[in-house]
Structure formats: structure tokens, C-alpha cells
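Trainee: Sharing a structure here in C-alpha cells format.
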Amino acid sequence: MDLPRIFAIRESSHRIHNPFTPRKLEALGEALRLETGTRILDLASGSGEMLCTWARDHGVTGVGVDISTAFTAGARARAVALGVEGSVVFEHDDATGYVSAEAVDVAACVGATWIGGGVAGTIELLERSLRPGGMVLIGEPYWRREVPDHDTAAGCGASGSEDFLLLPDLLGQFGDLGYDVVEMVLADQDSWDRYQAAQWLNLRRWLDENPADELAAEVRDELTREPVRYTRYQREYLGWGVFALIKRRGG
Ligand code: SAH
């Protein structure tokens, strides 16, 4: 059980595996007004930057679950580096169907809603670990503007325009599912660049060091195509954000 190796190559320099900068992650932690001792479950926690920095900055405690051995090892090392290894635990596991033994105050899935089969299913999954009145955090892409054709959707890594919604429609979907949207922090084109453009130097460095690796041809091809694909499609059309939700009472 592991994430395909290409992800660890592409994102070898990343602490945050989504289009947020450290500053945006910090802004989100501040926006949520986290109190000391807040218990957080983070499904698909990646390299653990959210839990580790929030433990350092806000005194939260947490459990992160991720299927990548490389990212989970990075998360554990990061906890030690920040001196929060007593507050956060990182489990190497499949987060599909993962429910925590004890109810948490905040249940998060930031950039991996496929683990619940989409936004609605992931919210339902997170809810099973949440105390009544707790907060759900969902990180999810949305269309910055209407997608004109299939090539554009495909160029954004989607199977079609129906994969994502425009931002107001995504917020409307949260409402239809019975949740108040109580906060959000959005990526922007510069923070997208920190996620995507940073991958190109990772790919190039890896290629220079591993010319005979079985993945070398695939990595060569990706590095050749990626800058044009990203700037033609994804940078213009795909937005991303983290949305904080609290279930409406009686609904
Ligand atoms: N939330 C993290 C990581 C987002 S990237 C961050 O914001 O930095 C998506 C993550 O989902 C990767 O770390 C990947 O290893 C993880 N992942 C993918 N499928 C998974 C699964 N079935 N169970 C747990 N983690 C999964």
C-alpha cells in the first residue's frame, strides 16, 4: 500500500502538497480561531505541515492518516523538527472509510476528496469522526471560470467539466448538504505556481541524478509538457480552496 513513486519525485521538495503557501496555511489556522487542545483528524495528511504548524502555533493536537510512506515519514520528521511530536501522530494507512476512535473537534480532508468518492461522501466520512457541532475542513478545486471545451477540462486534469463546480455553486453544494460555510481561504495563481512550478525543478534535478531509472522517460516527457499545459489551462481555469463547514442545527 503506497502512493505511486512518481508523486514523491514530483513533490520531493514540498511540505504542502496543494496550492497553498505556508502563509495561506497560517492564514487558515488564524481564520479558524483554533483553541489550545483542539483535536484534529486530518485524512490524507501528506507531509503533515498543517497539523505540525498548527500544533506549534495554536497548541492543537491531531492525528494524520496518509497512504504515502514517503510523505508520512516526512510528516513524522517535521513533527520532531518543530518540537510537536508529543501533540501529533501520523499513521500510514488508507484513509478510505477511516473513522477515529474518539470524536474530534475538527475533521479535515484537504485535497483528496476521492477518499470518500467526492465532496458529499467525504463530508459524510469526516462527520463520523466529528463531535456534534464540530467543524469540517474540505480542500477542493473549483472552476475559476466557465470551461469552454473538453480540452480545457482535460488540461486541468479533469475527466470533464462536470468534475468540478464554479465557486458559488460549490458553496451552494455545501449548503444543500446541510452545512454553513463559516470560513474559506482560497489559493491564487501565485500560490498555484509554488505548488506546480516547484515540481519542474524537482523533476529536472531528479532526471539529472537518475538518467537510467525506469521512470526516466516518463519524467522527461512530463517535464517537457508540464509548463505549457499548466499555464495554458490549469493556471487560468482551476481554482482551489479550503472551506470550513459547520452542520446546521436541525438540518
Ligand atoms: N493534505 C495534504 C496532502 C494533499 S495531497 C496537504 O495539503 O499537503 C493528497 C494526499 O492524499 C497525498 O499525500 C496522498 O498520499 C494521499 N492519499 C491519496 N489516496 C489516499 C488514501 N486512499 N488514503 C490516504 N491518503 C491518500
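Trainee: Quick one: which residue in Ala79, Ala44 is on the phi > 0 side of the Ramachandran plot, aliphatic (A, V, I, L, M) and at pLDDT 95 or above?
Mentor: Working: Ala79 fails: on the phi > 0 side of the Ramachandran plot.
Being on the phi > 0 side of the Ramachandran plot, aliphatic (A, V, I, L, M) and at pLDDT 95 or above holds for just one of Ala79, Ala44, which is Ala44.
Trainee: I want to confirm something. Restricting to segment 57-83 and keeping residues that are within 16 Å of the ligand (Cβ to nearest atom) and part of a loop (DSSP other than H, G, I, E, B), which single residue is farthest from Leu41 (Cα to Cα)?
Mentor: The residue in question is Leu82.
Trainee: Any chance segment 22-40 includes a residue that's within 11 Å of the ligand (Cβ to nearest atom) and closer than 20 Å to Asp94 by Cα?
Mentor: Among the residues of segment 22-40, not one is within 11 Å of the ligand (Cβ to nearest atom) and closer than 20 Å to Asp94 by Cα, which makes the answer no.
Trainee: Are there any pairs with C-beta distances below 7 angstrom linking a residue in segment 84-100 that is in a loop (DSSP other than H, G, I, E, B) and open to solvent by less than 60 Å² (accessible area, probe 1.4 Å) to a residue that is away from the ligand (no atom under 14 Å from the Cβ) and among the basic types (Lys, Arg), with the two at least 6 apart or on different chains, and if so which?
Mentor: Val84/Arg56; Val99/Arg128
Trainee: With respect to Arg23, determine if the residue is basic (Lys, Arg) and either assigned to a helix (DSSP H, G or I) or open to solvent by less than 40 Å² (accessible area, probe 1.4 Å) (or both). Give the derivation first.
Mentor: Numbers: basic (Lys, Arg): yes; either assigned to a helix (DSSP H, G or I) or open to solvent by less than 40 Å² (accessible area, probe 1.4 Å) (or both): yes.
Here the answer is yes, as Arg23 does meet what is asked.
Trainee: Output the residues belonging to segment 101-121 that are away from the ligand (no atom under 11 Å from the Cβ) and assigned to a helix (DSSP H, G or I).
Mentor: Val119, Ala120, Gly121
The values are calculated or read from the model by the stated rules, or taken from the named source; none is laboratory data. Keep in mind it's a predicted model, so treat the numbers as computed, not measured. Cβ sites come from the backbone with ideal geometry, for glycine too, and all protein chains shown count toward neighbours. What goes into the accessible areas is simple: the full protein's heavy atoms, side chains included, and nothing from ligands, DNA or RNA. Shrake-Rupley method; radii C 1.70, N 1.55, O 1.52, S 1.80 Å.
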